[in-house]
1. Tally up the residues in the stretch 118-138 that are farther than 17 Å from Pro190 by Cβ and β-branched (Val, Ile, Thr), please.
2. From the list Arg55, Arg29, which one is charged (D, E, K, R), assigned to a strand (DSSP E or B) and either in the same structural domain as Asn365 (by TED's automatic domain parsing) or without any contact (Cβ under 8 Å) to a residue 60 or more places away in the chain (or both)?
3. Conditions: (1) outside any helix (DSSP H, G or I); (2) more than 24 Å from Ala35 (Cα to Cα). Asp403 meets all but one. Number of the miss?
4. So is Val76 in contact with a Lys or Arg (Cβ under 6 Å, 6 or more places away or on another chain) and in a helix (DSSP H, G or I) or not?
5. Please specify each residue of the stretch 84-130 satisfying the condition of being within 22 Å of Val50 (Cβ to Cβ), touching a Ser or Thr at 6+ places or on another chain (Cβ under 9 Å) and of a type outside the set (A, V, I, L, M).
6. Go over the candidates Arg119, Arg93 one by one and state the one that is under 20 Å from Glu233 (Cβ atoms), assigned to a helix (DSSP H, G or I), basic (Lys, Arg) and modelled with pLDDT of 95 or more.
7. Among the candidates Ile276, Ile290, which residue alone is of a type in the set (A, V, I, L, M), assigned to a helix (DSSP H, G or I) and at pLDDT 95 or above?
Amino acid sequence: MTTAAAALLASLPSFKNEEFLDFTDAANRRAMEEALATVGGRLGREYDMVVGGRRLKTDGKITSVNPARPAQVIGVHQRAEAEHAEAAVEAARVAFAGWSRVPVVERAELLLKVSALVRERKFAFCAWLTFEVGKNWAEADADVGETIDFLEFYAREALKLDGVATPIQMPGERNRLRYVPLGVGAVIPPWNFPLAIMAGMTAAAIVCGNTVVLKPSVDAPTIAAEFMKLLEEVGLPDGVVNFCPGEGPGFGSAIVAHPEVRFIAFTGSKAVGLEIHESAAKAKPGQIFIKRTILEMGGKDAIIVAADCDLDSAVEGVAASAFGFSGQKCSACSRAIVAAEVYDAFCEKLQARVDTIKVGDPADNFYGGPVISDKAYQRVLSYLEIAKGEGRLLNGGSAIEKDGGYYVAPTVVVDVAPNARIAQEEIFGPVLAVIKSTSIDQALQIANSTEYGLTGAIYSGSRATLDRASEEFQVGNLYLNRKCTGAMVGAHPFGGFNMSGTDSKAGGPDYLLLFTQGKSVAEKVGGATVKEAMEEELMGI
């Protein structure tokens, strides 16, 4: 580690997750209401595409709307097409020559500056999330808090990575191990965590010295544009991040296939993730490297409820995991696998709990909000029709008419077979399938019976059962006696198995390795001892 990197790391407090806001506090409620009013006055503006620092306009536009009130325009954005890919990648390639040589200390300090600005403007970013993707206040705060965590955590991890040493120093040699940037990358984030995941993937890439083409989701480009403003405000050099909203089949496919794009960081659906992986695997003329894909795809996440659990805690964990943000999390519980001995009691308690969920405009801080778009709305409604033939409705089962918004009632379907469509296919909405199991053996078999393996949880009072689940429940993030959503940076590195992705472990100590390549440097040392040579290097001699 260089002296400057060591000094900066030593000067920083130990990483600590950002604290959640308490919206029962009158001051916080007032601040959120003021932010909603202020941001509300900025809705409907047009944003430019930014390539190499140049602001561009296109003939085609992307219009982002409020899913709670689709008549309300959040922002108008330029529509990047396939023909814009070349300029965006070239801008990133040119910027890479300089950015890759910027000392890690300066790159880490930039992330810390951005983190400070996000923290300073926390309520404003919460308001943007509420308007553009329909998050209630607590969900918006969690998204902003995770953004701050990613920026702070990756800044520290980059400094640590700069100090990695080889396990062995060969006699008569100076042996170094460096992790160097890959080059130009494509960052393709989702709409459901449009600040945290977008900022986290972007920050991880650039703090390692890479440059990126950022293609935000067409359902949440305004939040990405507001984040881009912060990067410019702290002095990020032109071309390090190129902001290019566009459709996946056009612009997205073009940057993934481009022969100078060395990595693709993607979070989204299984179908699109597999298309990206397949495209990236095919070397194009002039391509001299194997592309790297960093993929987080979908989930069909299960919570096992054992007969010996605290039933009230299990009901609360299932309800929170299934219906937080209207089930629009890849980590959301969409299957509850319940022991036969407590099945009826669980269903009765769950029905009562779900009945308490109020659905309405998240700007008014209703717990249940809309799904993201008309396309998602129609998909969820089609699954409700399927559900009625695959089980018995306990709650919900229909749309809710309110302000033209995309609202679906929180839906619980019981007596579902493990192989039913609603128990196997990702719905990405407020729909929960409840499945009866006759033993822990069967419960684990059912839990592992989908093509996914992202998150899961088990509620049990038995140490042996919890330990067995730790070994046999095949998911990337497993939770014991707690809900299966709410992964925290540093504590719960996030990423899944099987068709849930490449188990990339965002927010973990090895995540930055995915954005770098290792370079071993061995030098024969003459008159100086190895210790003296290493000391000279650290001192910059």
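The values are calculated or read from the model by the stated rules, or taken from the named source; none is laboratory data. Keep in mind that what you see is a predicted model, and the values were worked out from it rather than measured. In this analysis, Cβ positions are derived from the backbone assuming ideal geometry, glycine residues included, and neighbour counts consider all displayed protein chains.
1. 2
2. Result of the check over Arg55, Arg29: Arg55.
3. If we test Asp403 against (1) outside any helix (DSSP H, G or I); (2) more than 24 Å from Ala35 (Cα to Cα), just (2) comes out false.
4. Taking the combined requirement at face value, the residue does not satisfy it.
5. His84, Arg93, Phe96, Trp99, Ser100, Ser115, Phe125, Trp128
6. Arg119
7. Numbers: Ile290 fails: assigned to a helix (DSSP H, G or I).
From the options Ile276, Ile290, the qualifying one is Ile276.
Results for (1) over 17 Å from the mean Cα position of the chain (by Cα); (2) in a helix (DSSP H, G or I); (3) surrounded by fewer than 24 Cβ atoms within 10 Å (Cβ to Cβ), shown as yes or no for each residue.
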site	(1), (2), (3)
Ser253	yes, yes, yes
Pro259	yes, no, yes
Pro285	yes, no, yes
Ala314	yes, yes, no
Gly324	no, yes, no
Ala336	yes, no, no
Leu350	yes, yes, no
Ile357	yes, no, yes
